[in-house]
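A short reminder: the numbers here are calculations on the coordinates, not readings from a lab. Note that the coordinates shown come from a computational prediction; the quantities given were computed from them, not determined experimentally. Using ideal geometry, Cβ is built from the backbone for each residue, glycine included, and neighbour counts are taken over all protein chains shown.
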Amino acid sequence: MWRRIPTLMHRRPVVSATLAASAALGTGYLLYSQREALRARNPFALLGATPRAVHADAEAKPESPNAVNDRPLPFWSPPSRREMLNMLQGKTKEGQALARPEDEEFDLLVIGGGATGTGVALDAATRGLRVALVERDDFSAGTSSRSTKLVHGGVRYLEKAVWELDIGQYYLVKEALHERKTFLDIAPYLSQHLPIMIPVYKWWQLPYFWAGCKAYDMLAGSQGLESSYLLTRGKAIDAFPMLKKDQLKGALVYYD
Ligand SMILES: Cc1cc2nc3c(=O)[nH]c(=O)nc-3n(C[C@H](O)[C@H](O)[C@H](O)COP(=O)(O)OP(=O)(O)OC[C@H]3O[C@@H](n4cnc5c(N)ncnc54)[C@H](O)[C@@H]3O)c2cc1C
């Protein structure tokens with residue numbers, strides 16, 4: 001078929017004219033239908049206008065409430081530091097005092113805006129309580145600003161539970177492991193599991209750390225992440241080439 005077309009065009013000008021016209025019509029139809037499909041999906045695509053420019057225009061002429069709103073949201077810009085400080089002091093963004101009744105009542109007063117206080121305040125507010133929080137410095141100005149930000153069960157608390165026969169530490173690790181899983185489930189955008197490698201420089205530490213991490217894995221049970229494992233010296237250096245190599249025996253990897 002393809003080989004026959006040039007021959008036909010060469011011999012019969014009428015045939016070639018018909019073919020050219022059909023091709024032009026076909027291409028035109030194809031372009032038109034693509035354009036309509038594109039317009040249906042995104043009305044801005046063919047205008048050459050950026051979404052922001054179109055939105056600015058839309059702000060000037062508000063649409064009827066029944067109109068289908070497929071326009072992108074405007075870009076959010078955070079308040080300035082000054083505005084945030086004003087709001088923290090209970091004023092408007094611009095710094096004007098808000099009219100609050102002297103005898104305004106709250107259901108809950110939280111003292112301290114660290115991880116604990118802000119967590120409690122947020123939880124209570126989302127349960128519908130009227131919450132006041134007082135902080136003498138700034139949010140997370142205390143211990144919370146020093147946190148490594150690990151959402152962990154606390155493998156070293158487990159070590160403490162064993163050596164000091166402290167059942168309280170044991171329950172703490174158990175609860176923290178449960179919370180670790182809950183946090184991964186409800187806020188996957190804030191937390192992810194990480195491998196943590198402990199370099200080992202003494203032979204006795206290899207079975208010691210291995211047993212401790214396996215006990216930690218077992219305590220997590222079905223809420224565990226990945227299993228801990230030993231690394232040879234060579235593999236540990238491969239993973240972290242800048243590791244101190246002198247006396248290195250191997251490494252242990254566990255997950256939190
Ligand atoms: C180096 C380090 C690493 C850590 N790493 C981790 C980790 O990886 N994972 C983890 O889970 N935990 C970690 N922790 C522990 C964790 O940081 C703390 O348990 C947690 O931050 C405690 O929070 P908090 O709100 O109870 O206390 P704070 O953060 O100290 O908050 C108390 C707040 O109360 C305010 N305040 C105090 N008195 C008053 C008052 N009279 N009136 C008004 N305000 C007041 C203070 O200004 C402060 O802002 C780490 C701790 C340290 C030190």
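Assorted remarks:
- Distance between the stretch 159-191 and the stretch 211-240 - C-alpha centres, whole angstrom: 16 Å
- Residues W210, W204, arranged from fewest to most other Cβ atoms within 10 angstrom of their Cβ, appear as W204, W210.
- Both radii come from the Cα set of the stretch 155-255: Rg as radius of gyration, Rh as Kirkwood radius; their ratio Rg/Rh reads 1.02.
- Sites V134 and F240, calculated FRET efficiency, Cβ-Cβ separation with R0 51 Å, nearest 0.05: 0.70
- Neighbour-limited loop hits for GluC sites (Glu not before Pro), the stretch 131-202 (at most 15 other Cβ within 10 Å; DSSP other than H, G, I, E, B): E164
- Listed pairs K160/K244; K149/K181; K202/K245 exceeding 21 Å between Cα atoms: K160/K244
- 13 Å beta-carbon shell around S144, net charge (K/R +1, D/E -1): -1
- Three-way shape label, the stretch 81-146, alpha-carbon gyration tensor, a/c 1.5: oblate
- Net +/- balance of residues flanking S227 in space, Cβ distance below 12 Å, scoring K and R +1, D and E -1: -1
- Neighbour-count ranking [beta-carbon atoms within 10 angstrom, fewest first] of Y255, Y216: Y255, Y216
- Taking trypsin sites (Lys or Arg not before Pro) across the stretch 137-221, the ones in a DSSP loop with at most 12 further Cβ atoms lying within 10 angstrom of their Cβ are K149, K202.
- Dipole magnitude of the stretch 81-146 about its Cα centre (Cβ charges: Lys, Arg +1; Asp, Glu -1), debye to nearest 20: 320 debye
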